[in-house]
Amino acid sequence: MEKQDAIGVIVKASVQSFATGFKGRHEGEFDDPEGTINVKIHNVFIEALGKEIQYYSALARSLDSSLGNMLEDLAINIASLNYEVKRNVEGPLNPAQTNKIAEILEKYKRYEIRPSIADYQCLRDMNKGVVSPIKRHDSDYYLIDKETNNHYLIELKIGGDLDNKKARSEKEAILEPLPA
């Protein structure tokens, strides 16, 4: 099957499955006090607007969250056609590298330097011949190209508001040396 056709099949199946599952779950949980909507419905800021708005707001939040999860799964399935897909990166990281990462991030923050491959290579060179503890970072995607063996670390944002609380740790993780 051609990749374009495979992508079409993956998208169609994902969207149909999502729609059926979302509808079934919410209809089945309508009277369940522990159901998805009824748990999300208790928002003190929305309560003053009335029961209909309260229910609609909870339904919209549930849809946004569920749709985002479905789109992430869809992206993983499509990426799997060309890449080995992992959800974390792990590798050795010694104290000198940790200090260098902090220094580099501080320079980024002050706009003294722009991110470059040299930043990464410097960290890799610091790891030679040193036994270091293994560090792990959960990421949205760690892709390894099946043909070229190139590695890509991607943090993906789908739906809702941009959450930048993890931005610093994600930048640190991108700088961590990948396993050889």
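Please state the Cα pair-distance histogram of region 3-79 with 5 angstrom bins from zero: what percent is in each bin?
Result returned by the calculation: 3, 15, 21, 19, 14, 11, 8, 6, 3, 1, 0.
To the nearest 10 degrees, how steep is helix 51-79 against the longest Cα principal axis of the chain, on a 0 to 90 scale?
Around 40 degrees separate the two axes.
Give me, ordered by chain and number, the residues 5 or more places off Lys135 or on other chains with an amide H under 5 Å from its own placed amide H.
Gly91, Leu93
How long, wide and thick is the chain, going by the Cα atoms along their three principal axes, in whole angstroms, largest first?
Here the spans come out as 62, 49, 29 Å, largest first.
Using the structure shown, list the pairs from Lys3/Lys86; Lys100/Lys128; Lys109/Lys135; Lys107/Lys128; Lys100/Lys135 with a Cα-Cα distance above 18 Å, or answer none. Walk me through the numbers on the way to the answer.
Details: Lys3/Lys86 20 Å; Lys100/Lys128 15 Å; Lys109/Lys135 23 Å; Lys107/Lys128 24 Å; Lys100/Lys135 15 Å.
Beyond 18 Å between Cα atoms: Lys3/Lys86; Lys109/Lys135; Lys107/Lys128.
Going by average Cβ neighbours within 10 Å, how do the peptides 69-80, 127-138 rank, with the highest at the top? Don't skip to the answer; put the middle values down first.
Details: 69-80: 15.9, 127-138: 11.7.
Descending mean neighbour count gives 69-80, 127-138.
Quick check: the angle from helix 3-28's long axis to the longest principal axis of the chain, C-alpha only, nearest 10 degrees?
Helix 3-28 sits at roughly 50 degrees to that axis.
Taken together, the values in this text are just the output of simple stated rules run on the coordinates, not laboratory data. If you're wondering where the values come from, they're calculated on a predicted model, not measured in any experiment. Cβ atoms come from the backbone with ideal geometry, glycine included; neighbour counts cover every protein chain shown.
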